[in-house]
Amino acid sequence: MAFQHEAGTAFECLSIPIMLHKEFVHVDADGQEVYKCGFKIGGGIDLDFTKSPQGYTDNGIYVTEVHPGSPAEKAGLKVDDKILQCQGYDFTMVTHKQAINYIKKGKSLNLLVARYGVTHS
């Protein structure tokens, strides 16, 4: 289940803060440290949500997969969570590639997500 939301417009929901500490994987050929989060995303303002195999109803960035035992699972991220912010950056108006680039930065992620059906704490 997903939200009915037009990108860039306000909507009422309970925002769930998630702090995800990435797991070190290795150093790449360029000498850069590589970290993994353990989740995949779908969506973005550049994609047609009507073709989403998950049935999403807007152009938001959604969690489409959470790997068992991953930093994402340990942090409490769930499939179908809608990422509203990443490191304070508004994710309701990003392309898929922009979202991936923000998620790849740094050793940890400070996320704000909305979860369908969660309206109060």
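Name the residues in the stretch 37-65 that are surrounded by 21 or more Cβ atoms within 10 Å (Cβ to Cβ) and of a type outside the set (F, W, Y), would you?
C37, G43, G44, N59, G60, I61, V63
Report, by residue number, each residue of the stretch 56-93 that is touching a Leu at 6+ places or on another chain (Cβ under 7 Å), within 13 Å of C37 (Cβ to Cβ) and assigned to a strand (DSSP E or B).
Passing the criteria: V63, V66, I83, C86.
How many residues are farther than 15 Å from A72 by Cα and in contact with a strand residue (DSSP E or B) (Cβ under 8 Å, 6 or more places away or on another chain) when one looks only at the stretch 101-113?
Count: 1.
Enumerate the pairs (first residue in the stretch 36-53 and closer than 22 Å to K22 by Cα; second residue anywhere and among the charged types (D, E, K, R) and open to solvent by 90 Å² or more (accessible area, probe 1.4 Å)) with beta-carbon separation below 8 Å, excluding pairs fewer than 6 apart on the same chain, so at least 6 apart or on different chains.
Final answer for the pair search is G38/E73.
The values are calculated or read from the model by the stated rules, or taken from the named source; none is laboratory data. Just so we're clear, the structure is a prediction, and the values are computed from it rather than from any experiment. Virtual Cβ from ideal backbone geometry, glycine too; neighbours counted across all protein chains shown. We work out accessible area using only protein heavy atoms, side chains counted, and drop any ligands, DNA or RNA first. Shrake-Rupley method; radii C 1.70, N 1.55, O 1.52, S 1.80 Å.
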